[in-house]
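Input: a single structure, listed below in structure tokens.
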Amino acid sequence: MDCGLDRFIVSCDGHTRETYEKIRVGGRFDRLYGGVKLLLETMRREGRTRPLIELQFSMFSENEYEVEDFKRFWLQEGVVVKVRPKLYWSGNVKGGWDRVKTDQTRVPCLWAMDTCAIHWNGNVVMCVVDCDGKYVAGNLECQSIKETWNGPLKWIRELHLRRRFRELPEVCRGCPDWNVKGAQAFFPNSELRSDYERYIRMGRTFMTEQVSPQDQAVHIGVDG
């Protein structure tokens, strides 16, 4: 709580021990739920509003029947709840091919716009959905995160913003998950919703209508 973190997302993907530990192999359901409750209790006791706590539930065939109980439980705890539709992990899981688009009706992918992922070996890849590292933009042994974000990944973002989707790397071009990141967010009260939406807008200046697609990319770099 003292490190300056603004937002903390906890992916649970299960509301019972059996379901959670089946999906999150090696995870411990009681430790996770107990840890989140301890964090929330400490924040309340100290009067803290940061970080924003978000409990995320990604839907699978194994857990979708627990969504409503999950929402009800964590909204009562006063946190943001996000429910994400089924992912196909950039095509690694069969299905979702009807979602793939490269024409002008597609919009820039928010996975690419404001995230990247770092794998165990230091590879910086396209996004969190690129779990196999199909597109490697750099490696932390050779470049910093900032250099990679403002280099190869910036060019990918520019292609998205200019809607040149057919020129994207295959991991993006054939991805069925490009429109899933937003998911569905639920809030326990209007105050938290306003605070959360204000925070999200801070990181998405590139989506403003006032700036042309060619100029929007300058807002995506990291200056700090």
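Of all the numbered requirements in (1) open to solvent by 20 Å² or more (accessible area, probe 1.4 Å); (2) part of a helix (DSSP H, G or I), residue 43 misses one, and that requirement is (1). The number of residues in the range 72-105 that are outside any strand (DSSP E or B) and over 19 Å from residue 134 (Cβ atoms) comes to 14. Helices (runs of 4 or more DSSP H) fully within the range 137-221 that include at least 3 residues being crowded, with 16+ Cβ neighbours inside 10 Å, among the polar types (S, T, N, Q) and at pLDDT below 90: none found.
Look through the range 57-76, keep the residues that are surrounded by 16 or more Cβ atoms within 10 Å (Cβ to Cβ) and touching a residue at least 60 places away in the same chain (Cβ under 8 Å), and return whichever of them is nearest to residue 170 (Cα to Cα). The extreme case among them is 71.
Residue-wise test of (1) modelled with pLDDT of 95 or more; (2) more than 28 Å from residue 111 (Cα to Cα).
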| position | (1), (2) |
| --- | --- |
| 6 | no, no |
| 27 | no, no |
| 38 | yes, yes |
| 43 | yes, yes |
| 70 | yes, no |
| 74 | yes, no |
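Among the residues examined, residue 139 qualifies as more than 26 Å from residue 162 (Cα to Cα) and in contact with a strand residue (DSSP E or B) (Cβ under 6 Å, 6 or more places away or on another chain).
To keep it simple, each residue is scored yes or no on (1) without any contact (Cβ under 8 Å) to a residue 12 or more places away in the chain; (2) not aliphatic (A, V, I, L, M).
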site	(1), (2)
5	no, no
21	yes, yes
25	yes, no
53	no, no
82	no, yes
90	no, yes
97	no, yes
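Selection over the range 106-129 of residues that are more than 27 Å from residue 66 (Cβ to Cβ) and part of a loop (DSSP other than H, G, I, E, B) gives a count of 10. Among the residues of the range 16-24, is any over 16 Å from residue 73 (Cβ atoms), open to solvent by 40 Å² or more (accessible area, probe 1.4 Å) and either aliphatic (A, V, I, L, M) or in contact with a helix residue (DSSP H, G or I) (Cβ under 7 Å, 6 or more places away or on another chain) (or both)? Yes, that holds for at least one residue. If only residues of the range 1-30 that are assigned to a helix (DSSP H, G or I) and among the aromatic types (Phe, Trp, Tyr) are counted, the one that is nearest to residue 46 (Cα to Cα) is 29.
The values are calculated or read from the model by the stated rules, or taken from the named source; none is laboratory data. Values in this document were obtained by computation on a predicted structure and should not be read as measured data. FYI the Cβ positions are ideal-geometry reconstructions off the backbone, even for glycines, and counts take in every protein chain you see. Keep in mind that these areas ignore ligands, DNA and RNA; they rest on the heavy atoms of the full protein, side chains included. Shrake-Rupley method; radii C 1.70, N 1.55, O 1.52, S 1.80 Å.
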